[in-house]
Amino acid sequence: IPGIVSFGMKCQEILENLPDIEKSVQSLRAEFVAGLEKLTMVNIHSQQEYCVPHIINCGFLSVSSAAELFISLDEAGICVSTGSACSSAKAVPSRVLLAMGYSPVEASNSIRFSLSHNTNSEELIATLAVLNKFLPAKARS
């Protein structure tokens, strides 16, 4: 019974803090997307108005496969996924991205980033630094 009570108290705490958590994640998302938009050959699939704020899915058109980028991010201690949460064990293009009109190659070269209230700006900066090794920055106008 103590575990059930403890779980309920934690749920109540999270519920009370949910508006602040949501604002924090939305701010982190905006920061990360702004960094991604500075890179070339990145196609952000999860547009703000049509998705949950803590998931960012994007395609990397200048890499031969998302697997290369996935490995480099993993080696840097950055956890990402190359598929949806419900099909992460399958090595097939996302059926959602295919339904959205992306080609099988574009869908296969996609990576999903997940944010939470535990994510911080330093982690996003580190992630963008790894991505910068693979993707050239856009030319300044």
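One decimal place: the segment Met41-Ser116 gains 24.4 nm when fully extended, by the rule 0.36 nm per residue minus the C-alpha distance. If one takes the longest principal axis of the Cα atoms in the chain, at what angle in degrees, from 0 to 90 and to the nearest 10, does the Cα axis of helix 66-75 lie? Result, in degrees: 50.
Here the Karplus curve 6.51 cos²θ - 1.76 cosθ + 1.60, taken at θ = phi - 60°, turns the phi angles of the range 42-56 into couplings of 10, 10, 7, 7, 9, 6, 3, 6, 10, 8, 6, x, 8, 10, 10 Hz, with x standing for Gly and Pro. Projection of the Cα convex hull of the chain, averaged over all directions and equal to a quarter of that hull's surface, yields 10.7 nm².
Take the Cα of Glu75, step 7 Å toward its Cβ, do the same at Gln26, and the gap between the two points is 3.9 nm.
Any read-out appearing in this document is the output of simple, stated calculations on the displayed coordinates, not a laboratory observation. From a predicted model like this one, the values you see are computed outputs, not experimental measurements. Backbone-built Cβ (ideal geometry, glycine too); neighbour counts: all protein chains shown.
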